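Enquirer: Quick one: the structure is below, and I'll ask about it shortly.
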Amino acid sequence: MAYLDHAASTPMLPEAVEAVAEAMREVGNASSLHATGRRARRTVEESRETVAFALGARPSEVVFTAGGTESDNLAVKGIYWARRALGRTRILASAVEHHAVLDAVEWLVAHEGASVTWLPVDDLGRVDVDAFEEALGDDVALATVMWANNEVGTVQQVRLLADLAHEHGVPFHTDAVQAVGQLPVDFAAAGVDALTLTGHKLGGPLGAGALLLGRDVACTPLLHGGGQERDVRSGTLDTPGVHGLAVATAIAVERQPATALRLQALRDELVKRVVDAVPFAVYNGDPVHRLPGNAHFSFPGCEGDSLLLLLDARGVEVSTGSACSSGVARPSHVLVAMGQDGTAARSSLRFSLGHTSTVEDVDALVEALPAVVERARR
Amino acid sequence: MRLLAAMSGGVDSAVAALLAARSGHDVTGVHLALSQSPAALRSGSRGCCSREDARDAARAADVIGIPFYVWDLAEQFQASVVDDFVAEYAAGRTPNPCVRCNEKVKFAAVLDRALQLGFDGVVTGHHARLSSGVLSRSADLEKDQSYVLAVLSPEQLAATVLPLGAMTKAEVRSLARSEGLAVADKPDSHDICFIADGDTAGFLRDRLGSQPGDIVEDGVVVGSHDGAYAFTVGQRRGLGLSRPTPRYVLSIEPVSRTVTVGPAAALDVSTVFTGAPVWSSPRSLPLECSVQLRAHGAVHDCVVTPEGAGWSVALRSPARGVAAGQTAVLYDRDTVLGSATIRSTT
């Protein structure tokens, strides 16, 4: 079996599995005052320091959450609500955001008096910096642009955009779930106010993530209760999840330079061999400013979900983009925003590599692909 | 064989997929996403279009142990079934959307794609027998769906597997229960799947707007209506007339928006004229056989002769409330011979 879907979820690092299992054997609520509680709290706080250190943040800037979707929702809704009182109700968001941002913004527009300016991207998926600058203004509550796109892998100029936003007093959020472990990510150096990460994209557990949130960034909570996380997020902390997230983040960040070099070489080989095998395949996204493990193609004349089914039957596991809850492959909003029509946007496949990927995975894909494309082509 | 099982999320299609897999076929499950904006949860007696139904289908596939995918056919369904449904009513006819869905979506778009992808055919949970290309009624006459499958051509039937034909619904449910399928006791679906609240007239009014016209009996205006599309031949309720004996819709004339009504006896039809037929088990004309004129309707002995591109079907006993747009299906006892769309009646 060839698993080429690391952008959906990458296998847990053995060290992270061990860390989660170890913490699961311990009893304790990190908010309890007795010795057992203190032990749990120590694990949580050490984990917080580990995550902060790995990503250039202060420990007090790490808000543990249940994953990327919660972090995105907390950043977008929480910062919007906190700023709405100041008369700032417009949101700037790129047109290629993940649904966790996209749908949160649309919900605020539909129910909470927000308006939105969708930031266009070019045909490589890059946010238009001039359009961003033009869209800024003193009515803007926040701006949100992902670090790297989950479908086509395009990396945005986050530092530049964040600086522009700050000139207008606008806080800047970035969804970096795909970036951590694949690209150098430093919260302070990037100059952003809020940053989303999640465990299962970097070798940690599912259901554990964090929002890095600057100390001076006002954010209204989504979850009310015990106020465990800086009063911004309530809920008994998931000590094993937090521990596993921290161990995985530290390792992923430490290995990032080597991982990026290895994955980029493997990815470039994959791209070359796919194009050799299927000459009419179209390579999407930015060829240079790109996640090292991402390769994204359109196969004109084919339905992406037919290709997926046929590859799956041959033991090659890929994705058509980001699947919605019912598993229906709708035309990708990312490709549509990049100027492709609905038919082209349904003909795509994403191959994503990660820490366990090998050249054998690429071999299996390239061996299966020509016959599969031939069959799926109308 | 490599078979593609169309799985609605209901018990019938789950058991059909199960039986196909158990008898040694290489089965892949597919749920057809037909709604443009599916609801999260199932409501009322709709049976296939919510995300809950998609999940039920996925769970059944997991239990059976077969691969499972969701195919988005919302655009084809909208164009071939929903838009057709509205257009047919607007033209004064009474379409059967389940027939249209089988003809244009399940056994056309889906079958085409299955064959293209290297499958040998499709499996569905319809209650009808299909053996060596011959379609006939289900062992469970209450649940028989041979009528809505009669539009399939011999080529389509050759690539179709119907594992439930010899089973009653009770047997299907009992097998589902013993195999651990959670959908074993899921209620049957009845209503038109794309009309959430079952209010067909309201659904049509939203799309066609108010089109007032006269209700006429024997050439005399006896009432008025908001849209002729809200009526179907044979309908008694909703006319808003106060007459000593019940009045029924006899005919609908869409251009002048005239709905003609009359007593029950005036509904009797002795001859049905159709458009071009689809023969599933070809016979030569003239032909003595029986005919069914609507889903779950009565069966009439008849003589079929050619009439233009279609048939003239002379009924031995009068039929009541036959609507243009419905499908006439010919049977030889329980065997389906062919079908054609009803154009007019006398």
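Enquirer: Could you tell me which residue of segment A:273-316 is farthest from the other protein chains (Cβ to nearest Cβ), considering only residues that are under 23 Å from B:V110 (Cα atoms) and of a type in the set (D, E, K, R)?
Expert: A:R314
Enquirer: Considering only residues that are in contact with a His (Cβ under 9 Å, 6 or more places away or on another chain) and not in a helix (DSSP H, G or I), look in segment B:61-88 and name the one that is surrounded by the fewest Cβ atoms within 10 Å (Cβ to Cβ).
Expert: B:Y69
Enquirer: Right, here's the next one. Under 9 Å by Cβ, and 6 or more places apart or on different chains, what pairs join a residue from segment B:53-65 that is away from chain A (no Cβ under 13 Å) with one that is surrounded by 23 or more Cβ atoms within 10 Å (Cβ to Cβ) and of a type in the set (S, T, Y)?
Expert: From segment B:53-65, the pairs are B:A60/B:S13.
Enquirer: Another question about this same structure. Determine, yes or no, whether B:V261 is assigned to a strand (DSSP E or B), under 23 Å from B:Q326 (Cα atoms) and over 23 Å from the mean Cα position of the chain (by Cα).
Expert: yes
Enquirer: Restricting attention to helices (runs of 4 or more DSSP H) lying wholly within segment A:1-75, give those where 1 or more residues are closer than 24 Å to A:N149 by Cβ and in contact with a helix residue (DSSP H, G or I) (Cβ under 9 Å, 6 or more places away or on another chain).
Expert: So the answer is A:35-54, A:68-73.
Enquirer: Being in the same structural domain as B:H126 (by TED's automatic domain parsing), within 16 Å of the chain's Cα centre (by Cα) and either in contact (Cβ under 8 Å) with a residue 12 or more places away in the chain or surrounded by 14 or more Cβ atoms within 10 Å (Cβ to Cβ) (or both) is the requirement here; does B:K143 meet it?
Expert: The answer is yes for B:K143.
Enquirer: Can you tell me which of A:A364, A:A265 is aliphatic (A, V, I, L, M) and either surrounded by fewer than 16 Cβ atoms within 10 Å (Cβ to Cβ) or within 12 Å of chain B (Cβ to nearest Cβ) (or both)?
Expert: Unique residue meeting the criteria: A:A265.
Enquirer: Given the conditions (1) closer than 27 Å to A:Q178 by Cβ; (2) in contact with a Pro (Cβ under 6 Å, 6 or more places away or on another chain), report the number of the one that A:D5 does not fulfil.
Expert: All conditions pass for A:D5, except number (2).
Enquirer: Does segment B:141-151 contain at least one residue that is under 22 Å from B:I342 (Cβ atoms) and of a type in the set (S, T, Y)?
Expert: Within segment B:141-151, one or more residues are under 22 Å from B:I342 (Cβ atoms) and of a type in the set (S, T, Y).
Enquirer: List the number of the failed condition for A:T239; all other conditions in (1) over 18 Å from A:V44 (Cα atoms); (2) over 16 Å from the mean Cα position of the chain (by Cα); (3) assigned by TED's automatic domain parsing to the domain that holds A:T65; (4) hydroxyl-bearing (S, T, Y) hold.
Expert: The one condition A:T239 does not meet is (1).
Enquirer: Which one of these does B:R22 not meet: (1) more than 14 Å from chain A (Cβ to nearest Cβ); (2) at pLDDT below 65; (3) under 21 Å from B:L164 (Cα atoms)?
Expert: (2)
Enquirer: Being over 18 Å from the mean Cα position of the chain (by Cα), assigned to a strand (DSSP E or B) and under 28 Å from B:G262 (Cα atoms) is the filter here; which residues of segment B:305-346 pass it?
Expert: Listed by number, the residues that qualify are B:W311, B:S312, B:V313, B:A314, B:L315, B:R316, B:S317, B:P318, B:A319, B:R320, B:S344, B:T345.
Enquirer: Condition check: free of Cβ contacts under 8 Å to residues at least 12 places away in the same chain and under 22 Å from the mean Cα position of the chain (by Cα). Does A:A295 satisfy that?
Expert: Spelling it out, it is not the case that A:A295 is free of Cβ contacts under 8 Å to residues at least 12 places away in the same chain and under 22 Å from the mean Cα position of the chain (by Cα).
Enquirer: Could you list all residues from segment A:130-161 that are assigned to a loop (DSSP other than H, G, I, E, B) and farther than 13 Å from A:L92 by Cα?
Expert: A:W147, A:N149, A:N150, A:E151, A:V152, A:G153, A:Q156, A:Q157
Enquirer: Could you count how many residues in segment B:96-118 are crowded, with 20+ Cβ neighbours inside 10 Å and either small (G, A, S) or at the interface with another protein chain (Cβ under 10 Å from one of its Cβ atoms) (or both)?
Expert: 2
Enquirer: Identify, by number, the condition in (1) under 19 Å from B:A91 (Cβ atoms); (2) over 27 Å from the mean Cα position of the chain (by Cα) that B:A230 doesn't meet.
Expert: (2)
The values are calculated or read from the model by the stated rules, or taken from the named source; none is laboratory data. What you see is a predicted model, and the numbers here were worked out from it, not measured in a lab. Note that each Cβ is placed from the backbone with ideal geometry, even for glycine, and that neighbours are counted across all protein chains shown.
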